[in-house]
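Below you will find the structure I want to go over with you.
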Amino acid sequence: MTVPTSSRARRIFGGWSASVVQVLLALTQQIVLIPIFLKYWTSDTLSAWLIIFAAGSLVVAADAGLHAWSVNRFLSFKSRINCDRRTRRYYGATFRLFVWFTALMAVLLLTVVQLVAPSSVLGFSREPNFDLAFAVMTLGQILTLPTNLAGSLYRARGLYGRIVMVQAWGTALGQLGQLVGVVATSSLLVVVTAYVVGQILTMIYILFIDLHRQFPFIRDIRRRISLRWTIGQFVGSFPFAVMNFAEIGLTYVSVLLIGAFVTDRIAIAQWGLTRTIVGLLRGICHQMTLSLAAELGHDHAIGARDSLQRLYARGSILVTLFASATTSGALVFWPDFFEIWTHGAIPFDATLAFILLLGMCAGAPSILALSYANYSNRGTLLLWTKSLQLAIFLFLSFLLIPRLGPLGAAIALVSSDLVAQVGVLFIIIVHETLTRPVRHTLLLIVTMVTVVSGGFGIGEAIRYLLPGAGIGHFLTECALWLAAVAMLASPLMHKPLRDKLVDAIPH
């Protein structure tokens, strides 16, 4: 059984189109809103927001790996008879499991917040309503966990573009509420509440309206679950839970660790803002791989090895090209943007930015390997590699953050990613998937070095020939850089040449 190329292309590009919208909203949340927040808040309040936002984002990784485990279960049903019936039964049982798990997590959170004040632990005792805002954010994110199950079904059935667009509308609604809240009240609690409301409304729409429109066979989901079955689900999902925490959680754990070990509020804001651009670029790469990974997971489930190899090799090159190009531009223009973005209120740390950006770029090829491992049920591999990454990160963090501050966190993050995800996960996945893994890896390295150095050189030349400052000058520099890069890439618009290059990619 094979998937028609046209149908596959529509699904992949549909997913990418939705991801573009999600990326634009991420830019709004993490870049556009920051200067507005700084206009109404002090740097201390902004640091509090970054800490609370990190804690809420960390909750996304708190579903015990059930999301990724469910994707694999739904994909496995596609190669069996009575696929819809099996899917309905599994969805009903797992939804009940999600509800009980969410309730347990909510009770635990409220208990912890009552016993230990987050403001005292994180050093924000002077920030009004910090504890309440922290509880609202984390509890609200916990309540949205059942959406992860629905998302796994959308992704397994090729509707990843649909679920991303629905979530994007909820994010946009929350951002509008944040904007109104900060302008009208300057209250941290109001801004947090607005963000959470957008997420809750999205969950309600997906679970009770859109899901039943897209999958009419999902009905009568009130199924009993046994203790043995429940334990089996958590055992199966455990490797994915470790993966989630290492992949999503470490970014935000680093913010919380800096909040605990570093007393300088400016340093916290500096780390949070620098991590924003790096996290954004990595997030875009991750979004690009999701639609690819779903198709790869489908090929893996039905045993279509030739199709899987071609798609993996081409997708890997595409993600590497994108990461390299954006990294080269960020290396050149990020300092100027940072100055404009923060109105000069927060100093720029060039060493910190360079380590994080180059580390992200070097680890970009492994992002597709990670997504594919998620969608091909490589639980044991994920468990060992992500446990290694977590151990390296925590060891280096406790060793370096008290001494070096944000720079120590950057070294810990990049080192753990390169050793575990690139050095182990990527190498194993490429060798298991492709017939010419060494050639493919060498091509990725050459591509990365060429694009990053070339883009950086063009940017430096533009800055040298066009000195100046201000937002107008910054936009002119960026426009010239984009024009120069587009001219260099213009031969790729020639289809015969493009087809030859694509066919030459070793797989």
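Taking 0.36 nm per residue of sequence separation and subtracting the Cα-Cα distance, how much length would be gained by fully extending the chain between LEU497 and ALA479, in nm to one decimal?
3.8 nm
Ignoring trypsin sites (Lys or Arg not before Pro) that are buried or in helix or strand per DSSP, and keeping those with at most 14 other beta carbon atoms within 10 Å, what is the longest stretch of the chain between them?
That gives 225-507 as the longest site-free run.
Taking only complete DSSP H runs, can you tell me which helices of the chain stretch 30 Å or more along their own long axis by Cα positions and average at least 0.5 on the Kyte-Doolittle scale?
What comes out of the filter, once short or polar helices are dropped, is 5-27, 83-115, 160-185, 265-302, 379-404, 437-465.
Using only alpha carbon pairs under 8 Å that are at least six residues apart, calculate the relative contact order of the range 368-486 and give it in whole percent.
21
Here's a follow-up. Mean residue ellipticity at 222 nm from the helices of the chain, using -39,500 (n - 2.57) per DSSP H segment of n ≥ 4 over the full residue count, to the nearest 500 deg cm²/dmol?
The helix-only estimate for the chain comes to -26500 deg cm²/dmol at 222 nm.
While we're looking at this one, here's another question. Cβ under 14 Å from ALA68's Cβ, ALA68 left aside: what net charge do those residues give with Lys, Arg +1 and Asp, Glu -1?
+2
If a paramagnetic tag sat 7 Å from the Cα of ILE31 along the Cα-Cβ line, which residues of the range 303-343 would have the backbone N under 14 Å from that point?
Residues 326-342 qualify, since their backbone N sits under 14 Å from the label point.
Continuing with the same structure: Order GLU460, GLU477, most accessible first, counting only protein heavy atoms with a 1.4 angstrom probe.
Per-residue accessible area, sorted high to low, gives GLU460, GLU477.
Same structure again: How many nm separate the modelled label positions at SER453 and ILE200, each set 7 Å beyond the Cα in the direction of the Cβ?
Label at SER453, label at ILE200, 5.5 nm between them.
The values are calculated or read from the model by the stated rules, or taken from the named source; none is laboratory data. Every value quoted in this text rests on a predicted model; they were computed, and no experiment measured them. Using ideal geometry, Cβ is built from the backbone for each residue, glycine included, and neighbour counts are taken over all protein chains shown. These accessible areas exclude ligands, DNA and RNA; they are computed on the full protein's heavy atoms, side chains included. Shrake-Rupley method; radii C 1.70, N 1.55, O 1.52, S 1.80 Å.
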